[in-house]
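The structure under discussion appears below in the form of structure tokens.
Here, each number is a calculation from the coordinates, and none is a lab measurement. Quantities reported herein were computed from a predicted structural model and do not represent experimental measurements. Glycine gets a Cβ as well: all are built from the backbone with ideal geometry, and neighbour counts include every protein chain shown.
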Amino acid sequence: MTTSEHSTRTSPRTGPAADGAAIRLSGLHKSFGSVRAVRGIDLTVAPGEVVAFLGPNGAGKSTTIDLLLGLTKPDSGTARLFGGVPDAAVSAGRVGAMLQSGALLPDLTVRELIRIFAALHRNPMPVGEAMLRAGIDDIAGQKTQNLSGGQAQRVRFALALVPDPDVVVLDEPTVAMDVEVRRQFWASMREFAAGGRTVLFATHYLQEADDYADRVVVIADGRIIADGTGASIKARVSGRTLSAVIPGASEQLLRAMDTVTDVEVVGGRYAVHCDDSDAVLRLLLARYPQIHDIEITQANLEQAFLQLTGSSSVDAPSTSAAKGA
Amino acid sequence: MTMTLNYAWMSALSTFRNAKFVIFTAALPVIMFLLFNGLYGDQTSSAGMSAGVYLMISMACYGAIGASLNAGARIALERQTGWNRQLRLTALSPQGYMIAKAVVSMLVALPALALVFLVGGVVGHVHLSVGSWLLTALVIWISIIPFAMLGLVIGFLGTPDSTQPISMLVYIGLSILGGLWVPLENFPAVMTTIAKVLPTYWVAENGRDAAAGVGVSATGVLVLVGWTILLGLVGMAAYRRSGRKA
Ligand SMILES: Nc1ncnc2c1ncn2[C@@H]1O[C@H](COP(=O)(O)OP(=O)(O)OP(=O)(O)O)[C@@H](O)[C@H]1O
Ligand SMILES: [Mg+2]
């Protein structure tokens, strides 16, 4: 997807950053009617950091991104990019973004679309380079409405690169990409970030966050509930799901076992959610020798969030909790 | 400013390459001109102007106005697809966006205007000096500014589904009432009274004045400027409203 012939920045990508931070979010709140999408987010990202926003559907990732890009105004709190308001960073071409929603403008070819977008920036990356970096030079002549989902995603990635930005914000960038394209995408993202650029991306996958980010910020219910390296987040999410066909077992018996948090019956199989899968497996093998087709997976994100959020996940989005939060 | 104009120019160019757009805004007026011109082209209208010139001006206005309104519908599409959110992540300011869209509306009107005039000169019963030919085109082009504003209003208020019928209705309604299809002499006098407050009427009237070599009417200028200001303000308000929602 990318090769070494591209221009690489040698000068340090720093600017008039009054407080030295690339991104600084303070006390951000945003509600849509009765939905409190963002309820108090504080976050500082240093230049050059690669940060993942990890959170389930509706956690407030996209809303936070809109706030930090200046696409939405916060109810309270501030978003600063390089010490200034988002609009200033945007018009200076210091920010590139791949938004989650929104189609590409139809009736244009990919090259035309990127060219028009580039015409709206002061010092854009050459159109050819943006297309090469995003791996879309082979589809440059295609009409935007005929692209596959993964191709469209790569075109949006090219749009994020066009400003030749210092901060790149990517909202669930690999959605609709197949495994190979996903790998290429992350490789070119890493290459782009290597020049000292700051990257913030949203994802649903702990693995993706752990693999590609220096720092993982976990968001749930509009708040940051964990912030650290991928490894430290993973360690906190110890839960596993053991699934198997277990003749002779019953839901009740399984539930009674040590460290088991939940049991589901799915298509003749039991899915046993537990904290210590090693211990549970040993016990199961001893008790039910007929057990077969065993699979052990890491807890899915929803379970992980339940674990990380503890009781806060059952907080109803009511206004009564606003005071003193 | 160069950025805004460059953007407008590129947008207009990509519009010209859209076959559907060209057929509906340029081909249709040309065909209508050829049809009517074949029937009445060699007659002389009541004002002493050859019917060929009269028809050519009417159809050029009709095509230019249609193209201009159509450009507005594109705005609704950009809004619905979310493309305007992406545009907000550029150096283009909100005012720049409005200006660019108005400029695009003006630019895309040119092919229709030029094509009808060209056909008029080649096959029509139209005999004008090169100077008055160009002057007439220029006067018509400037006179359609209110329609560029109307396009913005429709684009910022409507959805892609609603803009198509709305702009079609407005387009055909204003064209008929303004006398672009059938000269107003053929209607009851009250129709002429109505026409005189409509921008469509004055676009064509200004064109006819220019072709005849007389100055455009002050009333006409006033009506067109009035519509421009009114629609410009509504467009601005609609833009702010749509911006907040986006
Ligand atoms: N424009 C809006 N109007 C009303 N509610 C909204 C709007 N945008 C977001 N919300 C609500 O705010 C909450 C947070 O949404 P957001 O899009 O930020 O979540 P997310 O973390 O990006 O989720 P996903 O992983 O599904 O993209 C959701 O409950 C959503 O329904
Ligand atoms: Mg989202």
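Return the Rg/Rh ratio of chain A with Cα-based radii and a Kirkwood Rh.
Numbers: Rg = 22.6 Å, Rh = 21.7 Å.
With Rh from the inverse mean 1/r over Cα pairs, Rg/Rh is 1.04.
For region A:189-263, calculate the relative contact order in percent as a whole number, restricting contacts to Cα pairs under 8 Å that are 6 or more residues apart. Each step should come with its number before you reach the end.
Working: 44 pairs, mean separation 12.0, N = 75.
About 16 percent, as a whole number.
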| note | For the protein assembly as shown, the charge dipole (Cβ of Lys, Arg +1; Cβ of Asp, Glu -1; about the Cα centre) points to a positive end, and the Cα of B:GLY213, B:ALA64, B:VAL130 closest to that extreme belongs to B:GLY213
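Using the Cα centre of chain B as the reference point, and only Cβ charges (+1 on K/R, -1 on D/E), how large is the resulting charge dipole? Debye, rounded to the nearest 20. Provide the component values of the computation, followed by the final result.
On the way: 13 positive and 6 negative charges, 230 e Å.
Taking the Cα centre of chain B as origin, the dipole is about 1100 debye.
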| In percent, how large is the relative contact order of chain B, given Cα pairs closer than 8 Å and 6 or more residues apart? | 25 percent
| said: Please check: in the Gaussian network model of chain A (C-alpha springs, under 10 Å), which one of A:VAL90, A:VAL263, A:VAL168 has the largest mean-square fluctuation. | reply: A:VAL263
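So if the hydrodynamic radius of region B:2-245 is defined as the Kirkwood radius over C-alpha pairs, what does Stokes-Einstein give as its diffusion coefficient at 10 °C and 1.306 mPa s, in µm² per second?
On the way: Rh = 18.2 Å.
In µm²/s, the coefficient rounds to 87.
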| task | Would you work out which of A:ALA92, A:GLN142, A:THR297 lies farthest towards the positive end of the dipole of the protein assembly as shown? Charges go on Cβ: Lys and Arg +1, Asp and Glu -1. | result | A:ALA92
| query | Hey, in the GNM for chain A with a 10 angstrom Cα cutoff, which one of A:ALA59, A:ALA21, A:ALA79 fluctuates hardest? | reply | A:ALA21
| note | Once amide hydrogens are built 1.01 Å from N within the peptide plane, the residues lying 5 or more places from A:ILE136 or on another chain with amide H under 5 Å from its amide H are none
| Once label points are set 7 Å from the Cα along Cα→Cβ at both B:LEU28 and A:VAL179, what is their separation, rounded to one decimal in nm? | 5.3 nm
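Scan region A:175-213 for trypsin sites (Lys or Arg not before Pro) in coil per DSSP, keeping those whose Cβ has at most 14 other Cβ atoms within 10 Å, and list them by number. Intermediate results must be reported in sequence, preceding the final value.
Values: sites: A:ARG182, A:ARG183, A:ARG190, A:ARG197; in loops: A:ARG197.
Answer by residue number: there is no such site.
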| field | Virtual spin-label span in nm between A:ASN57 and B:ASP161, 7 Å along Cα→Cβ | value | 2.3 nm
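Can you give the charge dipole size of chain A about its Cα centre, rounded to the nearest 20 debye, using +1 on the beta carbon of Lys and Arg and -1 on the beta carbon of Asp and Glu? Before the final figure, lay out the partial values.
Working: 31 positive and 36 negative charges, 151 e Å.
For this selection, approximately 720 debye.
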| request: Quantify how strongly other chains surround peptide A:90-102 by giving the mean number of their Cβ atoms within 10 Å of each of its Cβ atoms. | output: 3
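With a cap of 15 neighbouring Cβ atoms within 10 Å, and only residues DSSP puts in a loop, list the trypsin sites (Lys or Arg not before Pro) found in region A:85-124. Don't jump to the answer; show the numbers that get you there.
Values: sites: A:ARG94, A:ARG111, A:ARG115, A:ARG122; in loops: A:ARG94, A:ARG122.
When the trypsin sites (Lys or Arg not before Pro) of region A:85-124 are filtered for loop state and at most 15 Cβ neighbours within 10 Å, A:ARG122 remain.
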| message | Output wanted: per-residue J couplings in Hz (rounded whole) for region A:96-101, from phi through Karplus 6.51 cos²θ - 1.76 cosθ + 1.60, θ = phi - 60°, x for Gly and Pro. | response | x, 9, 10, 7, 6, 9
| For region A:23-234, how many pairs of lysine residues have a Cα-Cα distance under 22 Å, where the two are 8 or more positions apart or belong to different chains? | 4
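Which whole number gives the average, over all residues in B:78-88, of C-beta atoms from other chains lying within 10 Å of the residue C-beta?
Details: counts 3, 0, 2, 8, 7, 8, 2, 7, 14, 4, 7.
Per residue, the number of nearby Cβ atoms from other chains is 6 on average.
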| query | Relative to the first principal axis of the alpha-carbon coordinates of chain A, what is the inclination of helix A:179-193, with its axis defined by its Cα atoms, in degrees from 0 to 90 and to the nearest 10? | reply | 50 degrees
| note | Sorted by chain and then number, the residues having a modelled amide H within less than 5 Å of the amide H of A:PHE201, at least 5 places away or on another chain, are A:VAL51, A:ALA52, A:PHE53, A:LEU170
| message | Given the -39500 (n - 2.57) contribution per DSSP H run of 4+ residues, what per-residue ellipticity at 222 nm results for chain A, rounded to the nearest 500 deg cm²/dmol? | response | -8500 deg cm²/dmol
| Residue-wise HN-Hα coupling along region B:155-172, computed from phi with Karplus coefficients 6.51, -1.76, 1.60 (Hz; x: Gly, Pro) | x, 8, 8, x, 9, x, 6, 7, 5, 4, x, 5, 5, 5, 4, 4, 4, 5
| said: Can you work out the Karplus-derived ³J(HN,Hα) for every residue in region A:288-296? Use 6.51 cos²θ - 1.76 cosθ + 1.60 with θ = phi - 60°, whole Hz, and x for glycine or proline. | reply: 10, x, 6, 4, 8, 6, 7, 10, 10
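Give me the tail of P(r) for region A:238-298 as a percent: Cα-Cα pairs with distance above 17 Å. Mind showing how you got there, number by number?
On the way: 427 of 1830 pairs.
Roughly 23 percent, rounded to a whole number.
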| query | If contacts are Cα pairs under 8 angstrom and at least 6 residues apart, what is the relative contact order of chain A in percent? | reply | 19 percent
| task | For B:LEU138 paired with A:ILE296, estimate the spin-label separation in nm (one decimal), with each label point 7 Å from Cα along the Cα-to-Cβ line. | result | 8.5 nm
| field | Gaussian network model of chain A, springs between alpha carbon atoms under 10 Å - residue of A:GLY77, A:GLY48, A:GLY267 with greatest fluctuation | value | A:GLY267
